[in-house]
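The values are calculated or read from the model by the stated rules, or taken from the named source; none is laboratory data. What you see is a predicted model, and the numbers here were worked out from it, not measured in a lab. Positions of Cβ are generated from backbone atoms using ideal geometry, with glycine treated the same way; all protein chains shown enter the neighbour counts.
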Amino acid sequence: MKEFRDLMAKDIDEANVYLIGIPFDKNASVGKGACEAPRVLRELSYELPAFDAKGQDLREKIKIYDFGDILTEDFNKMEEEITNKLYSKEGLHLIFGGDHSIAIASERAFFNRCNKLNKTPVIIHIDAHPDICDEYEGNKYSHACPIYRALEYGYEDKNITLIGIRGFEAQEVETFKKHPLLDVFKANDVKMMGIELLIKILKTKYSDDKYLIYISYDIDANDPCYAPGTGTPESFGLSNFETMTLIQGIITNLNVDTLDIVEVAPPLDVNNITSWLAVKSLYEFFTAYIQKTTQNLDIL
Ligand SMILES: [Mn+2]
């Protein structure tokens, strides 16, 4: 398949961005279709010229190596493949979901990676929903559960920050009471405080070198008018400019190691708006990554 025009690495060692897809959506509760996202995002990426929205040339500076898709439905094996493939190389690690349950596997792999590197793992979860249910519809691996599973696995509550939240289950509100150090920036908070202040707060929390950051980007963080193609659309969300500048700011200011983009569901989409948002945002994240790693960009 043709993908990422002008940005693919010739071989694995030349790359600075490593990608893996997880086309799995069996744990989505409402609308399915996120299993199609890895294929559609790759396809669309070939249509996009290798420039960001400010006209900055990404060629030569971003080299992507694609490990292909993880096809197992066994979460232990999923975690193993992430560790053995994606984390076999150093650079920016990218994961295309899948529904959000895939983060149960990837956040475990990330936790173990941080342990090996003697770093403190941090999750920045950008989502309409906290995904902190112990169990949802009788399923502990539901896409409503990854943050609960992460706490259970060993992440400290102060090292998890949720952003863009506006849909709560009763059990989630109870869980928050048990974890007062787990910061929740609701969509409303983000709108009121603005992205700049939010990034300043995140810098205060996590800019020490001991932290390594995993950004989990659920596309339903965006308002459904920007991202209609997702299984659980939730009104009163963030704009595409807000999520883009937020994630850019996190990448430029903190040590971001892994980024997943989940819950893009192409069969539910309108004219691929949501998939395009994911791909177009990704190129903006690349710009931020270049800025962070080289401080060197040719501005048009
Ligand atoms: Mn989610």
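Assorted remarks:
- Residue that is nearest to L212 (Cα to Cα), among those in the stretch 45-91 that are touching a Gly at 6+ places or on another chain (Cβ under 9 Å) and charged (D, E, K, R): K85
- Every pair of residues 6+ apart whose Cβ atoms lie under 6 Å, when the first sits in the stretch 91-103 and is free of Cβ contacts under 8 Å to residues at least 24 places away in the same chain and charged (D, E, K, R) while the second is within 14 Å of the ligand (Cβ to nearest atom) and assigned to a helix (DSSP H, G or I): none
- Yes/no for I123 being part of a loop (DSSP other than H, G, I, E, B), in contact with a Phe, Trp or Tyr (Cβ under 6 Å, 6 or more places away or on another chain) and under 29 Å from K280 (Cβ atoms): no
- Condition check for G194: within 30 Å of D209 (Cβ to Cβ) and within 16 Å of the ligand (Cβ to nearest atom): no
- Within the stretch 125-143, residues that are closer than 18 Å to A105 by Cβ and within 14 Å of the ligand (Cβ to nearest atom) have Cβ atoms under 6 Å from residues that are assigned to a loop (DSSP other than H, G, I, E, B) and at pLDDT below 95 in these pairs: Y141/N27; S142/N27; H143/N27; H143/A28, counting only partners at least 6 apart in sequence or on another chain.
- Residue selected from the stretch 144-153 under the condition farther than 15 Å from T232 by Cα and touching a residue at least 12 places away in the same chain (Cβ under 8 Å), by the criterion nearest to the ligand (Cβ to nearest atom): P146
- Any hit, the stretch 102-121, residues being closer than 29 Å to E172 by Cβ, acidic (D, E), within 16 Å of the ligand (Cβ to nearest atom) and modelled with pLDDT of 95 or more: yes
- A187 vs. criteria buried (at least 21 other Cβ atoms within 10 Å of the Cβ), more than 11 Å from the ligand (Cβ to nearest atom) and over 18 Å from E234 (Cβ atoms): no
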